[in-house]
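The values are calculated or read from the model by the stated rules, or taken from the named source; none is laboratory data. Since this is a predicted model, take the numbers as computed values, not measurements. Here Cβ is always computed from backbone atoms with ideal geometry, including for glycine, and neighbour counts include all displayed protein chains. In case anyone asks, the SASA skips ligands and DNA or RNA and just uses the protein heavy atoms, side chains included. Shrake-Rupley method; radii C 1.70, N 1.55, O 1.52, S 1.80 Å.
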Amino acid sequence: MNNLDPHALASLATQYGLGESYYDYRGEFRKFSDATRDAILHAMGATAPRPHKPSALPAVCVRTQEELFCDVYLPAESVDGLRVEIHTESGQVITAEHRRQQLQRLTDHSYQLPLPSHLPPGYHRLSLHVAGHDTASCALIVTPLRCYEPLSMQQGRRLWGLSIQLYTLRSARDWGVGDFADLKELIRAAAPHGCATIGLNPLHALRPADAVHISPYSPSHREFLNLLYIAVPEVAEYAHCTEAHAWVAKHQEQLAAVRAAQCVDYLGVAKLKFPVLRLLYAEFVRTQLARDTPRAHAFREYVSQQGEPLRLHALFDTLDQYFSTQPGQHWGWRSWPADYHDPHSSAVQTFAAQHAKPIECFMYLQWLAATQLADAQQLARECGMALGLYGDVAVGVNPNGSEVWSNRRLYVDGVSVGAPPDPLALKGQDWGIPPQHPLELTAQAYQPFVRMLRSNMQAAGALRIDHVMTLCRLWWVPRGVEATEGVYVHYPLDDLMKLVALESVRNQCLVIGEDLGTVPDAMRHAMERFALYHYKVLFFEKAHDGQFIAPHDYVQRALAVVTTHDLPPFKSWWQGDDIALRIKLNLYPDAAVVEQVNRERAHDRHLLMQALARTDLWHWQPQESPPVYSQALMRAAYLYTALSKSALLVVQPEDLLGMTDPVNVPGTNTEHANWQRKLSADLCDLLQQPGTQEFMQAMNKARRGENPNG
C-alpha cells in the first residue's frame with residue numbers, strides 16, 4: 001500500500017484515471033473507499049505524483065478528418081518557424097509551414113497546431129521541426145467520423161440470424177467439438193431461409209497445453225484463434241497424409257465417445273486433434289515448404305503479415321507445451337522458471353533457437369484456423385447472407401496466457417477486472433482477468449488495441465465488443481478485496497472510439513457494443529456519435545412503468561435478443577429453473593432476496609403476457625394465469641422481438657430446441673459446467689424440420705414489418 005495522505009491520493013487518482021464515486025444499478029450514489037483506491041494506485045506503480053515533463057508532441061494523436069489539429073508544447077524562447085511533416089502509411093510525405101503567432105494558444109507554452117487538410121484515414125507519423133531544437137515525432141492516426149453500417153440497414157432493412165456457441169454444434173462427423181466445418185454446414189442450411197448472420201462466441205486462442213481451461217471469455221490471446229476449432233479433414237494435407245489417416249482409423253472408438261458426450265470433453269478432444277495436426281504439419285513441411293509451392297508461399301505471407309505478435313504467441317505455446325511435460329504444477333507462464341517470464345530474455349531466445357520447428361508448427365496451425373474461418377465468411381457471403389459471421393471479442397485475457405506474457409508492461413498485476421453488483425450478480429463479479437494500464441496503452445500508441453480489433457474484424461461482417469464500457473471505464477478489484485468494493489478506472493474513450501470507427505470502416509464490419517449493466521452517460525453518447533449498435537435484451541427492455549417496451553419503441557441501431565449466453569434459455573426463464581439453479585449454487589445473499597426474485601419473475605411473466613396480447617401474438621386476458629411453457633409461447637416471444645425496430649435480431653438455438661441448461665452462470669467457476677454442454681440435437685437437422693422452417697418464415701415476415709401470423 002502507498003498509505004498516501006488524502007490530498008496526495010486525490011491528486012494521484014486524478015492523474016491515473018481513478019473515479020471518486022458512481023451510481024449503482026439501483027441509482028444509489030456510492031463513494032469508493034480510499035483504501036481500495038490506494039491499493040489500485042500501488043498496483044499501477046503510482047507511488048508519487050508524475051512529474052510534469054512537457055514534450056513537444058504527445059505519444060499519439062488521434063483525430064477524425066474533421067478535427068485535424070494537434071496540441072503541441074513549444075519552448076519558451078521565440079521560434080520563427082515550424083515545419084510539419086506527415087509520413088502517411090502509403091509512403092506519401094505531406095509538409096506544412098507555420099509561425100508561432102499563427103497558432104492558437106492553449107496555455108503558456110502549449111498551442112493548437114493545424115494539420116494539413118485532406119489527410120487520408122490511417123496510421124501515419126507526424127514530425128515537428130522547430131528551428132534550433134530537436135525534432136519531435138509521434139504517431140498520428142486519422143479516423144472516419146462513424147463506424148461502418150451497411151447501406152441497407154441505414155435505410156431501414158431489418159435482419160435476423162442465429163447466435164451459437166461454436167463448440168456446442170453436433171454433427172455426424174464432428175470430433176467432439178463444433179468446428180469450422182460444422183459452421184460451414186450451418187451456413188449452407190440456414191442461409192436459404194433468410195438467415196443473414198451467424199453469431200459466434202469468442203473464438204480466441206486458449207492454451208493448447210491446458211485444454212481444461214475453456215472459458216472463451218478468459219482467453220490466452222485475442223488476436224489469434226482456438227486451435228480446437230480446426231476441422232481436421234478440411235486441411236489440404238489430410239487428403240494425402242497416410243500417417244494421419246492411420247492414426248484416425250486407430251482411434252475411431254475414442255472419436256465416437258467424444259462425439260456422443262453430452263458435454264464437450266475438451267481434454268479428450270485435444271488428445272485426439274493435436275497429434276493429428278502435428279502429423280499434418282510434418283506433411284506440410286515435406287510436400288509444401290520443401291518444394292516452395294504456392295501453398296508454402298501463402299503460409300509465409302501469413303507469417304509475414306502477422307509479424308512479431310504471431311511469433312511470440314507461437315513461442316509462448318511451445319514454451320507452455322514444454323513446461324507442461326516437466327515435473328510439478330504448470331498453469332501458464334507464471335509457473336515457469338523466472339528466466340522465462342520475459343519473452344526477450346536470453347533463456348527464451350535460446351529456447352526459441354532450439355525449438356524452431358515446434359514454433360513453426362503452432363504458426364502453421366494458426367494459419368489453418370484463420371484460413372478456415374475466412375473460408376466460412378466467404379461462404380456465408382456467397383450464400384447470400386447480408387452480414388455473414390458475427391464475431392465476439394472478449395473484454396480481457398487470462399493472466400497466465402500469451403497476451404499478458406507477450407506485453408507485460410501493458411497489464412497491471414495484483415488487480416483483476418469485474419463488475420459491480422447488478423441484477424445478474426448481486427455479489428458483484430471478479431472475472432480474474434488483468435486490466436490494461438490506460439497510460440501504457442496510450443504510450444504504445446494503442447497498437448495492441450488496434451491489432452486486436454483488426455484480427456477479429458477481418459473475417460466478420462459484424463463484431464460484438466463484450467462489456468463495451470471497457471472503452472470508457474473498467475471495474476478494478478485489487479487482489480484480496482471483495483468484488484463489491486472495486487473502483488472504476490477510466491480509459492481514453494474518445495481515442496478508442498475513433499480507432500473502433502477506423503477499423504470498422506476498413507474492414508466493412510458493423511460494431512455492436514454489449515452495453516448491459518451500469519452504463520455511464522459518456523458511453524451512451526459515444527455510441528450514438530460513432531454509430532455503435534446497442535445490445536437490447538427482451539427481458540430487460542422495460543419502460544418506466546415496468547411494462548415491456550413495445551416493439552415500435554425499440555432503438556433502431558441495435559441488436560435485439562430474447563436471451564444471451566449469460567442468461568437462461570427462454571424455457572428456463574419462464575419456468576424459473578434458473579432461479580432454482582442459482583439457489584442450488586448459493587448465489588443469492590439470503591432467503592429474502594430469493595423471495596424477491598421469485599416475486600419479480602412472476603410479475604415479469606404476467607407483464608410479458610400483457611405485451612404479447614397487446615401485439616396480437618397471444619390471446620390472453622390479464623385475469624388469467626400465465627400459460628405453461630410451450631414452443632408456441634417461445635415463438636411468440638421471439639416474434640415480439642422480431643417486430644421491433646431494431647435493425648438486427650439473433651435467435652438462440654437452445655430456445656428452438658427447448659433446452660433449459662444455461663451456457664454460463666455468471667458468478668460461478670467450477671460450480672456449474674460452464675462453456676461445456678452441447679446442443680441437444682444436430683442444428684442443421686433441426687433447421688430442416690417443418691416447425692422450424694415455419695418459425696423462420698414467420699421471422700422473415702416480422703422483420704419485414706408484416707403480420708407473422710398472417
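A compact table of results
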item: Nearest-0.05 FRET efficiency for residue 35 and residue 285, computed from C-beta distance (R0 45 Å); result: 0.20
item: Estimated distance in nm for a label pair at residue 547 and residue 413, the labels positioned 7 Å out from Cα along Cα-to-Cβ; result: 5.7 nm
item: Heavy-atom accessible surface of the chain: percent carbon and sulfur, 1.4 Å; result: 50 percent
item: Average Cα contact separation per residue, region 552-710, under 8 Å, 6 or more apart, as relative contact order %; result: 34 percent
item: Range in the chain, longest, excluding exposed GluC sites (Glu not before Pro) [loop by DSSP; at most 16 other beta-carbon atoms within 10 Å]; result: 90-481
item: Paramagnetic reach from residue 100 (point 7 Å along Cα→Cβ, amide N under 19 Å) across region 110-130; result: 110-114, 128-130
item: Residue 325 - accessible surface, heavy atoms, 1.4 Å probe, Å² rounded to 10; result: 100 Å²
item: Estimated distance in nm for a label pair at residue 253 and residue 107, the labels positioned 7 Å out from Cα along Cα-to-Cβ; result: 7.5 nm
item: Å² of accessible area per residue within the chain, as computed with a 1.4 Å probe and no ligands counted; result: 41 Å²
item: Relative contact order for region 197-354, counting Cα pairs under 8 Å that sit 6 or more residues apart, in percent; result: 19 percent
item: Relative pair counts by distance (%), Cα atoms of region 148-243, 5 Å bins; result: 2, 11, 17, 18, 18, 14, 10, 6, 2, 1, 0
item: Antiparallel bridges, percent of DSSP beta bridges restricted to region 388-530 (to nearest 5); result: 60 percent
item: Reachable aspartates and glutamates, given that their alpha-carbon falls under 16 Å from the alpha-carbon of residue 678 and they are not under 8 places away in the same chain; result: 174, 179, 182, 265, 566, 654, 655, 661
item: Computed E for residue 135/residue 304 - FRET, C-beta separation, R0 35 angstrom, nearest 0.05; result: 0.70
item: Region 608-689, dipole about Cα centre (Lys/Arg Cβ +1, Asp/Glu Cβ -1), debye to the nearest 20; result: 240 debye
item: Summed residue charge, Cβ within 14 Å of residue 467's Cβ, Lys/Arg positive, Asp/Glu negative; result: -4
item: Charge dipole (debye, nearest 20) of the chain; +1 at Cβ of Lys and Arg, -1 at Cβ of Asp and Glu; result: 940 debye
item: Added length on full extension, which subtracts the Cα-Cα distance from 0.36 nm per residue, residue 354 to residue 87; result: 92.2 nm
item: Over the chain, relative contact order from alpha-carbon pairs under 8 Å, at least 6 apart, %; result: 16 percent
item: Cβ-based net charge around residue 170, under 12 Å, with every Lys or Arg adding one and every Asp or Glu removing one; result: -2
